[in-house]
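Report on the structure given below.
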Amino acid sequence: MEDINEMPAWANQLLTIIQQQITQQTQQQLDAFEQRLSQPTLETTQPETITPIEEKTTSVRRKDRLPNVQEFEGQRSEFRAWKYEITAKLAIDLKHEDKEVQAWYIYSRLKGKARQQIAPWLNTAESQNSLTPESLLYQLELAYNDSESIQRATRKLNIIRQGTKPFSLFIAEFERTLIDAGGSTWDDQAKKAFLTNTLSTGLQQALIPLAVPHTYREYCDLLQRVSYNIEVFQKQNYSRQTGYTPAPAPALTPPIGNNTMDWEPTPIVTATTERKEAKWASTAIIDERRKKGACFRCGNIGHKIHECRLLPATRPVQTVAIAESNKVEELIDLETEKE
């Protein structure tokens with residue numbers, strides 16, 4: 001008697017054909033995949049699908065775009081900036097890593113008190129398999145986030161003043177305080193009002209005839225231009241009032257081969273000033289002037305020879321003996337040494 005569970009011959013033959021076709025198609029797909037892997041430089045018309053494993057492997061080989069984050073030692077004032085650096089590092093260079101790797105990287109950037117502070121919680125989180133970068137950062141915020149920083153920055157906005165600082169330097173301090181106070185999202189009118197209240201009196205007066213822009217950024221640009229023009233005007237006005245121009249270093253007149261009575265730093269003579277020449281004085285006159293403490297050149301009391309407004313006298317070669325000339329030079333050298 002024929003078994004009713006036994007398949008007919010034609011069914012077995014059909015099943016065998018189907019299995020052969022499936023095996024053949026599978027082998028063709030494997031051959032095509034292996035051929036594609038063996039030729040990675042060939043361009044494809046459709047974008048390749050990268051599996052998470054391949055994507056993770058690729059991210060490991062890629063060079064980091066951001067530098068390694070500095071270690072945080074537990075300074076409350078430095079926590080906010082450090083948190084921004086850590087968040088950027090996780091989002092750019094470690095975004096393909098799993099949560100546990102990211103959390104351990106955060107822990108590796110802790111040092112000293114900060115590491116000791118988080119160690120007990122870390123042991124509990126690791127034992128419960130709940131260690132994530134978000135939970136670790138939250139614990140750090142509870143310990144080191146300054147809850148009163150916004151209030152302090154807001155109070156500072158009401159008291160800081162530009163004073164004598166250049167606007168280009170003061171605006172950096174103002175905007176840093178504004179960000180600490182949470183004012184980066186404030187309305188432009190509020191930010192302009194706070195900034196105007198901190199400006200110097202001179203800059204506020206210069207803004208009176210000008211139209212104030214609607215946006216905060218345009219208002220800052222206007223203040224930059226006006227402040228620069230004020231600084232340039234003040235420098236030019238100061239130069240006109242004082243007439244000050246840097247003078248070159250005085251040159252020394254060499255004593256050898258000179259026909260003047262003495263040698264000294266050559267005074268600077270302007271083109272519009274005419275100086276008279278002093279009269280020649282004998283040895284006796286020079287000696288008398290030295291005893292009185294008078295100027296060797298003009299004989300007046302109250303200044304020395306290097307301050308005299310007269311030009312050096314011309315030596316009368318025909319009437320003065322060589323010995324007397326040497327005596328005059330010795331007296332003048334002695335006076336110069338005393339000064």
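The values are calculated or read from the model by the stated rules, or taken from the named source; none is laboratory data. From a predicted model like this one, the values you see are computed outputs, not experimental measurements. Heads up, the Cβs are rebuilt from the backbone with ideal geometry, glycines too, and the neighbour counts pull from every protein chain shown.
Output the residues belonging to the range 74-108 that are under 15 Å from LEU136 (Cα atoms) and in a loop (DSSP other than H, G, I, E, B).
GLY74, ASP98
Residues GLN224, GLN162: which one is touching a residue at least 12 places away in the same chain (Cβ under 8 Å), under 21 Å from the mean Cα position of the chain (by Cα) and in a loop (DSSP other than H, G, I, E, B)?
Numbers: GLN224 fails: in a loop (DSSP other than H, G, I, E, B).
The unique qualifying residue is GLN162.
Considering the range 207-221 alone, what residues qualify as being assigned to a helix (DSSP H, G or I) and over 16 Å from LYS165 (Cβ atoms)? If you could, list the steps in order and put the result at the bottom.
Narrowing the range 207-221 to residues assigned to a helix (DSSP H, G or I): 216-221.
Passing the criteria: TYR216, ARG217, GLU218, TYR219, ASP221.
Count, please, the residues in the range 197-254 that happen to be modelled with pLDDT of 85 or more and either of a type in the set (Ser, Thr, Tyr) or not assigned by TED's automatic domain parsing to the domain that holds ILE171 (or both).
So the count comes out to 8.
So is GLN20 at pLDDT below 70, outside any loop (DSSP other than H, G, I, E, B) and surrounded by 10 or more Cβ atoms within 10 Å (Cβ to Cβ) or not?
Values: at pLDDT below 70: no; outside any loop (DSSP other than H, G, I, E, B): yes; surrounded by 10 or more Cβ atoms within 10 Å (Cβ to Cβ): yes.
For GLN20, the condition - at pLDDT below 70, outside any loop (DSSP other than H, G, I, E, B) and surrounded by 10 or more Cβ atoms within 10 Å (Cβ to Cβ) - is not met.
Which numbered condition trips up CYS295, out of (1) modelled with pLDDT of 80 or more; (2) out of contact with any Asp or Glu (no Cβ under 8 Å at 6 or more places or on another chain)?
Only one criterion in (1) modelled with pLDDT of 80 or more; (2) out of contact with any Asp or Glu (no Cβ under 8 Å at 6 or more places or on another chain) is unmet by CYS295, namely (2).
What number of residues in the range 100-123 are exposed (fewer than 15 other Cβ atoms within 10 Å of the Cβ) and of a type in the set (D, E, K, R)?
Kept after step one, since they are exposed (fewer than 15 other Cβ atoms within 10 Å of the Cβ), are these residues of the range 100-123: 100-101, 108, 111-113, 116, 119-120, 123.
Filter again for of a type in the set (D, E, K, R), leaving 100, 111, 113.
Count: 3.
Within the range 186-202, how many residues are under 15 Å from GLN162 (Cα atoms) and surrounded by fewer than 17 Cβ atoms within 10 Å (Cβ to Cβ)?
In the first step, residues of the range 186-202 are kept if they are under 15 Å from GLN162 (Cα atoms); the result is 192-202.
The next check asks that each one be surrounded by fewer than 17 Cβ atoms within 10 Å (Cβ to Cβ); those that pass are 193, 196-197, 201-202.
Counting residues in the range 186-202 that are under 15 Å from GLN162 (Cα atoms) and surrounded by fewer than 17 Cβ atoms within 10 Å (Cβ to Cβ) gives 5.
Pick out the one residue from LEU140, LEU157 that is surrounded by 13 or more Cβ atoms within 10 Å (Cβ to Cβ), assigned by TED's automatic domain parsing to the domain that holds LYS113, out of contact with any Pro (no Cβ under 7 Å at 6 or more places or on another chain) and touching a residue at least 12 places away in the same chain (Cβ under 8 Å).
Values: LEU157 fails: assigned by TED's automatic domain parsing to the domain that holds LYS113.
It is LEU140.
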